[in-house]
Amino acid sequence: MSIAGRLLTAEEFLPEVLSFGHSAFRAEKQLVYLEDEGVEHYLRWQADDVQPPTTVPELAVWFDAVRAHTNDGQRIGRLRIHTDPPTTYQRYLQWMSPWNTAAGEHVYYLNRAAAERVGLLDDPTTDWWLLDAGTDNARLIVTTFDDDGRRIRDELVTDPMAIRRAEAWRERAIIYGVLDHRGVVT
(Lines give C-alpha, C1' and ligand atoms only; values in the text may rest on other atoms or scores of the structure.)
Protein backbone atom coordinates (compact mmCIF):
# COMPACT_ATOMS: atom_id res chain seq x y z
CA MET A 1 0.00 0.00 0.00
CA SER A 2 1.82 3.13 -1.15
CA ILE A 3 -0.49 6.08 -0.47
CA ALA A 4 1.29 9.13 0.91
CA GLY A 5 0.11 10.36 4.26
CA ARG A 6 1.26 12.50 7.15
CA LEU A 7 4.44 11.13 8.70
CA LEU A 8 4.12 10.19 12.36
CA THR A 9 6.95 10.49 14.84
CA ALA A 10 7.85 7.51 17.02
CA GLU A 11 6.19 9.31 19.94
CA GLU A 12 2.95 9.81 17.98
CA PHE A 13 2.63 6.22 16.73
CA LEU A 14 1.22 4.30 19.73
CA PRO A 15 -1.11 7.09 20.91
CA GLU A 16 -2.48 7.31 17.35
CA VAL A 17 -3.04 3.53 17.18
CA LEU A 18 -4.77 3.58 20.57
CA SER A 19 -6.95 6.59 19.68
CA PHE A 20 -9.56 4.44 17.93
CA GLY A 21 -13.10 4.57 19.22
CA HIS A 22 -14.71 1.64 17.42
CA SER A 23 -12.26 -0.89 15.96
CA ALA A 24 -8.64 -1.54 15.06
CA PHE A 25 -7.21 -4.18 12.73
CA ARG A 26 -3.55 -4.83 11.93
CA ALA A 27 -2.00 -6.48 8.89
CA GLU A 28 1.29 -8.14 9.92
CA LYS A 29 3.36 -9.29 6.95
CA GLN A 30 7.00 -9.12 8.06
CA LEU A 31 9.27 -12.13 8.55
CA VAL A 32 10.79 -10.49 11.63
CA TYR A 33 10.24 -7.31 13.63
CA LEU A 34 13.31 -5.67 15.11
CA GLU A 35 11.62 -3.12 17.33
CA ASP A 36 13.86 -1.77 20.10
CA GLU A 37 11.43 -2.50 22.93
CA GLY A 38 11.02 -6.19 22.07
CA VAL A 39 14.39 -7.35 20.75
CA GLU A 40 15.86 -8.28 24.13
CA HIS A 41 12.74 -10.27 25.07
CA TYR A 42 12.84 -12.09 21.72
CA LEU A 43 16.55 -12.92 22.12
CA ARG A 44 15.92 -14.27 25.63
CA TRP A 45 13.02 -16.38 24.34
CA GLN A 46 15.23 -17.67 21.53
CA ALA A 47 17.85 -18.70 24.14
CA ASP A 48 15.15 -20.57 26.15
CA ASP A 49 15.14 -17.91 28.89
CA VAL A 50 11.37 -17.62 28.60
CA GLN A 51 9.69 -14.72 30.41
CA PRO A 52 6.04 -13.73 29.98
CA PRO A 53 5.73 -10.84 27.50
CA THR A 54 4.13 -8.82 30.29
CA THR A 55 7.66 -8.40 31.73
CA VAL A 56 8.42 -6.01 28.84
CA PRO A 57 6.98 -2.64 29.94
CA GLU A 58 5.88 -1.63 26.42
CA LEU A 59 4.10 -4.95 25.88
CA ALA A 60 2.43 -4.76 29.30
CA VAL A 61 1.15 -1.28 28.37
CA TRP A 62 -0.18 -2.73 25.09
CA PHE A 63 -2.01 -5.63 26.75
CA ASP A 64 -3.53 -3.28 29.35
CA ALA A 65 -4.68 -0.85 26.64
CA VAL A 66 -6.19 -3.68 24.58
CA ARG A 67 -8.02 -4.98 27.64
CA ALA A 68 -9.40 -1.51 28.39
CA HIS A 69 -10.59 -1.03 24.80
CA THR A 70 -12.19 -4.46 24.52
CA ASN A 71 -13.82 -4.14 27.96
CA ASP A 72 -15.45 -0.98 26.56
CA GLY A 73 -16.86 -3.01 23.63
CA GLN A 74 -14.31 -2.00 21.00
CA ARG A 75 -12.84 -4.64 18.64
CA ILE A 76 -9.15 -5.28 17.99
CA GLY A 77 -7.81 -7.84 15.54
CA ARG A 78 -4.80 -8.69 13.45
CA LEU A 79 -3.79 -11.08 10.70
CA ARG A 80 -0.30 -12.53 10.92
CA ILE A 81 0.95 -13.80 7.58
CA HIS A 82 3.53 -16.55 8.14
CA THR A 83 5.89 -18.59 6.06
CA ASP A 84 5.60 -22.38 6.04
CA PRO A 85 7.44 -23.36 8.14
CA PRO A 86 7.33 -20.16 10.22
CA THR A 87 10.52 -18.20 10.84
CA THR A 88 11.92 -18.26 14.36
CA TYR A 89 10.45 -14.81 14.95
CA GLN A 90 7.05 -15.92 13.67
CA ARG A 91 7.17 -18.86 16.13
CA TYR A 92 7.88 -16.28 18.85
CA LEU A 93 4.77 -14.32 17.80
CA GLN A 94 2.75 -17.54 17.89
CA TRP A 95 4.05 -18.17 21.41
CA MET A 96 2.98 -14.63 22.44
CA SER A 97 -0.47 -14.96 20.87
CA PRO A 98 -2.22 -16.24 24.04
CA TRP A 99 -1.45 -12.96 25.78
CA ASN A 100 -2.90 -11.05 22.83
CA THR A 101 -6.08 -13.13 22.87
CA ALA A 102 -6.42 -13.00 26.66
CA ALA A 103 -6.31 -9.20 26.43
CA GLY A 104 -9.18 -9.35 23.92
CA GLU A 105 -7.54 -9.32 20.49
CA HIS A 106 -8.75 -11.55 17.67
CA VAL A 107 -5.55 -12.96 16.14
CA TYR A 108 -5.77 -14.67 12.75
CA TYR A 109 -3.03 -16.63 10.98
CA LEU A 110 -2.54 -17.39 7.29
CA ASN A 111 0.46 -18.80 5.48
CA ARG A 112 2.14 -16.68 2.80
CA ALA A 113 1.24 -18.90 -0.15
CA ALA A 114 -2.46 -18.78 0.72
CA ALA A 115 -2.22 -15.03 1.40
CA GLU A 116 -0.76 -14.50 -2.08
CA ARG A 117 -3.49 -16.64 -3.69
CA VAL A 118 -6.29 -14.61 -2.11
CA GLY A 119 -4.67 -11.20 -2.64
CA LEU A 120 -3.52 -10.50 0.91
CA LEU A 121 0.17 -9.94 0.20
CA ASP A 122 -0.07 -6.83 -1.95
CA ASP A 123 2.97 -5.02 -0.52
CA PRO A 124 5.07 -7.21 1.76
CA THR A 125 7.24 -4.25 2.88
CA THR A 126 4.33 -2.57 4.67
CA ASP A 127 2.07 -3.39 7.58
CA TRP A 128 -0.84 -1.24 8.58
CA TRP A 129 -3.44 -0.50 11.20
CA LEU A 130 -6.99 0.15 9.99
CA LEU A 131 -8.68 2.27 12.65
CA ASP A 132 -12.41 2.91 13.04
CA ALA A 133 -13.37 1.24 9.74
CA GLY A 134 -16.85 2.12 8.52
CA THR A 135 -16.99 5.37 10.49
CA ASP A 136 -16.39 9.01 9.56
CA ASN A 137 -13.11 8.79 11.47
CA ALA A 138 -11.69 5.82 9.49
CA ARG A 139 -7.94 6.01 8.89
CA LEU A 140 -4.85 3.92 8.29
CA ILE A 141 -1.41 3.93 9.79
CA VAL A 142 0.91 2.44 7.19
CA THR A 143 4.30 1.27 8.46
CA THR A 144 7.16 0.60 6.06
CA PHE A 145 9.97 -1.78 7.03
CA ASP A 146 13.41 -2.50 5.64
CA ASP A 147 14.49 -6.04 4.66
CA ASP A 148 15.77 -6.68 8.21
CA GLY A 149 12.43 -5.90 9.89
CA ARG A 150 13.31 -2.43 11.09
CA ARG A 151 10.66 0.26 10.98
CA ILE A 152 11.47 2.97 8.42
CA ARG A 153 8.41 5.20 8.76
CA ASP A 154 4.79 5.43 9.87
CA GLU A 155 2.24 7.39 7.84
CA LEU A 156 -1.25 8.41 8.83
CA VAL A 157 -3.47 7.96 5.75
CA THR A 158 -7.02 9.26 5.41
CA ASP A 159 -7.51 8.70 1.68
CA PRO A 160 -10.99 7.10 1.27
CA MET A 161 -9.82 4.79 -1.56
CA ALA A 162 -6.93 3.44 0.54
CA ILE A 163 -9.28 2.91 3.47
CA ARG A 164 -11.79 1.01 1.30
CA ARG A 165 -8.98 -1.25 0.02
CA ALA A 166 -7.86 -1.93 3.60
CA GLU A 167 -11.45 -2.68 4.66
CA ALA A 168 -11.80 -5.20 1.81
CA TRP A 169 -8.40 -6.70 2.76
CA ARG A 170 -9.55 -7.03 6.39
CA GLU A 171 -12.73 -8.83 5.31
CA ARG A 172 -10.71 -11.33 3.23
CA ALA A 173 -8.30 -11.79 6.14
CA ILE A 174 -11.16 -12.71 8.46
CA ILE A 175 -12.63 -15.11 5.91
CA TYR A 176 -9.36 -16.91 5.04
CA GLY A 177 -7.40 -16.54 8.26
CA VAL A 178 -7.44 -19.08 11.05
CA LEU A 179 -8.54 -17.59 14.39
CA ASP A 180 -6.29 -18.36 17.37
CA HIS A 181 -8.40 -19.48 20.33
CA ARG A 182 -5.65 -20.19 22.86
CA GLY A 183 -5.72 -18.73 26.36
CA VAL A 184 -2.84 -17.45 28.47
CA VAL A 185 -0.57 -19.95 30.15
CA THR A 186 0.62 -18.39 33.41
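The values are calculated or read from the model by the stated rules, or taken from the named source; none is laboratory data. Quick caveat, the model's predicted, so the values are computed rather than measured. For neighbour counting, all protein chains shown are included, and Cβ atoms are generated from backbone atoms with ideal geometry for every residue, glycine included.
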| request: Kindly provide the set of residues from region 84-101 that are in contact with a strand residue (DSSP E or B) (Cβ under 7 Å, 6 or more places away or on another chain) and over 26 Å from SER19 (Cβ atoms), ordered by number. | output: ASP84, GLN90
| field | Leading residue by the ranking (surrounded by the most Cβ atoms within 10 Å (Cβ to Cβ)) among those in region 30-54 that are of a type in the set (S, T, N, Q) and either modelled with pLDDT of 95 or more or under 26 Å from ASN111 (Cα atoms) (or both) | value | GLN30
| query | Going through region 101-114 one residue at a time, which ones are assigned to a helix (DSSP H, G or I), closer than 16 Å to ARG78 by Cα and either without any contact (Cβ under 8 Å) to a residue 40 or more places away in the chain or of a type in the set (Ser, Thr, Tyr) (or both)? | reply | THR101, ARG112
| note | Within region 14-49, the residues that are under 16 Å from ALA60 (Cβ atoms), touching an Asp or Glu at 6+ places or on another chain (Cβ under 8 Å) and of a type in the set (D, E, K, R) are GLU37
| query | Which ones in region 13-29 are in a helix (DSSP H, G or I) and free of Cβ contacts under 8 Å to residues at least 60 places away in the same chain? | reply | LEU14, PRO15
| task | Please name all residue pairs, on different chains or six or more residues apart, with Cβ atoms under 9 Å, provided the first residue is in region 30-56 and is closer than 23 Å to ALA10 by Cβ and the second residue is basic (Lys, Arg). | result | TYR33/ARG150; TYR33/ARG151; LEU34/ARG150; LEU34/ARG151; GLU35/ARG150; GLU35/ARG151
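Conditions tested, residue by residue: (1) at pLDDT 95 or above; (2) farther than 22 Å from ALA10 by Cα.
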site: TRP95; (1), (2): yes, yes
site: VAL107; (1), (2): yes, yes
site: LEU110; (1), (2): no, yes
site: GLU116; (1), (2): no, yes
site: ASP122; (1), (2): no, yes
site: THR135; (1), (2): yes, yes
site: LEU140; (1), (2): yes, no
site: THR144; (1), (2): yes, no
site: ASP147; (1), (2): no, no
| Qualifying residues in region 30-76 (those that are assigned to a helix (DSSP H, G or I) and among the hydroxyl-bearing types (Ser, Thr, Tyr)) - the one nearest to PRO124 (Cα to Cα) | TYR42
